[in-house]
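Report on one structure; see the data block that follows.
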Amino acid sequence: MRYFLSILISLSFSSYYQIGDTLIEDHQNTSFEVCYGDYPSEQFQLGDVRGKIIVFGISASWWPYICTTSLEVLINDYGFGEDSRIHVVEHFDDPGQPYQCDQWGNIGSEGIPMLITDNLPTYEFQSWFSIDNNFMTMGVIDPDMVYRYYGTSVYSVSTLVDEIISETEWITGDLNFDSITNILDIVALVNHILNADPYNYFSDINQDSIINIQDVILILNV
């Protein structure tokens with residue numbers, strides 16, 4: 001029945017974005033509820049992580065785990081979970097039919113932020129990106145908020161992300177991705193050190209794999 005429903009959904013609307021389109025401000029600023037995973041807020045906006053590469057999955061509680069498994073491979077086998085330039089999220093439709101957010105989240109890599117539609121039309125996130133409107137796809141958005149990939153290939157996602165990393169000019173010391181290095185970034189770096197937060201590529205200014213006072217001095221020089 002659920003598979004039949006997905007066919008009906010695919011006939012009812014087409015995606016808002018095509019590959020190469022830039023996300024409009026309204027969509028960048030649309031809030032989704034974080035129902036599971038590691039994220040500092042109960043709400044998530046794509047614009048929160050502008051400046052990073054966003055890799056997202058689209059899944060539903062009644063669909064097979066293919067999307068979740070693919071994200072897990074990217075995190076564990078391709079190193080996405082250790083690279084702070086990459087932000088991985090999963091959008092989850094129809095929680096409770098039958099799986100709840102935490103049940104579904106525990107199937108894959110623990111800690112991936114899972115998003116659900118909050119006060120928005122059903123399948124809102126999916127309608128933006130999913131060209132054929134199924135629930136087993138992944139997508140990639142580059143640091144400039146350009147939609148770059150849609151599909152199911154782990155290899156294609158990994159290859160594209162490597163390409164984006166090599167072509168992107170990362171601003172030294174810009175820890176909050178506001179396109180400028182200033183006192184706010186210094187404060188963020190000091191907090192990172194004091195709180196012993198996990199390694200962050202952007203905080204390691206001299207790229208010596210250690211985040212310490214030397215990085216603070218380098219930001220001050222910038």
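The values are calculated or read from the model by the stated rules, or taken from the named source; none is laboratory data. Quantities reported herein were computed from a predicted structural model and do not represent experimental measurements. Positions of Cβ are backbone-derived with ideal geometry, glycine not excepted, and every protein chain shown enters the neighbour counts. SASA here: full protein model, heavy atoms, side chains in, ligands and nucleic acids out. Shrake-Rupley method; radii C 1.70, N 1.55, O 1.52, S 1.80 Å.
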**Report entry** ³J(HN,Hα) computed for each position of segment 182-189 - Karplus, 6.51 cos²θ - 1.76 cosθ + 1.60, integer Hz, glycine/proline x
**Finding:** 8, 4, 5, 6, 5, 4, 4, 5
Requested in this report: Towards the positive end of the charge dipole of the chain, with charges on Cβ (+1 Lys, Arg; -1 Asp, Glu), say which of THR181, GLY81, SER127 has the farthest Cα.
Outcome: SER127
Report task. First compute the accessible area of the chain with a 1.4 Å probe, then give the percent of it belonging to carbon and sulfur atoms. Result -> 52
**Report entry** Where labels lie 7 Å past Cα in the beta-carbon direction, separation of GLN18 and ASN182 in nm
**Finding:** 3.9
Report summary line: Across all Cα atoms of segment 146-222, Rg and the largest Cα-Cα distance (Dmax), in Å, are 15.0, 44
Query raised in the report: Can you give the Rg to Rh ratio of segment 49-139, both from alpha-carbon atoms, with Rh computed by the Kirkwood formula?
Result: 0.94
Report summary line: Rounded to the nearest 5, the percent of antiparallel DSSP beta bridges in the chain equals 60
**Report entry** For THR137, distant residues with modelled amide H under 5 Å away
**Finding:** ILE58
Query - Modelled FRET efficiency - R0 22 Å, GLN45 with THR122, Cβ distances, 0.05 increments - result: 0.70
Report summary line: Restricting to Cα pairs under 8 Å and 6 or more apart, the percent relative contact order of segment 60-209 works out to 21
**Report entry** Pairs of alpha carbons in the chain whose separation is greater than 25 Å (percent)
**Finding:** 41
Query raised in the report: What are the residues whose amide H is under 5 Å from the amide H of TYR36, where those residues sit 5 or more places off or on another chain and H is modelled from the backbone?
Result: MET114
Report summary line: Counting only residues 5 or more apart in sequence or on a different chain, those whose built amide H sits under 5 Å from that of ASP93 are SER59, ALA60, SER61
Query raised in the report: Taking Cα centroids, how far is segment 49-84 from segment 147-173 in Å?
Result: 13
Report task. Averaged over every viewing direction, what's the projected area of the C-alpha convex hull for segment 94-171? Give it in nm², one decimal, please. Result -> 6.9
Query raised in the report: Each residue of segment 44-60 in turn: what ³J(HN,Hα) in whole Hz from Karplus with 6.51, -1.76, 1.60 and θ = phi - 60°, glycine and Pro shown as x?
Result: 10, 10, 4, x, 4, 10, 4, x, 10, 8, 9, 10, 10, x, 10, 9, 9
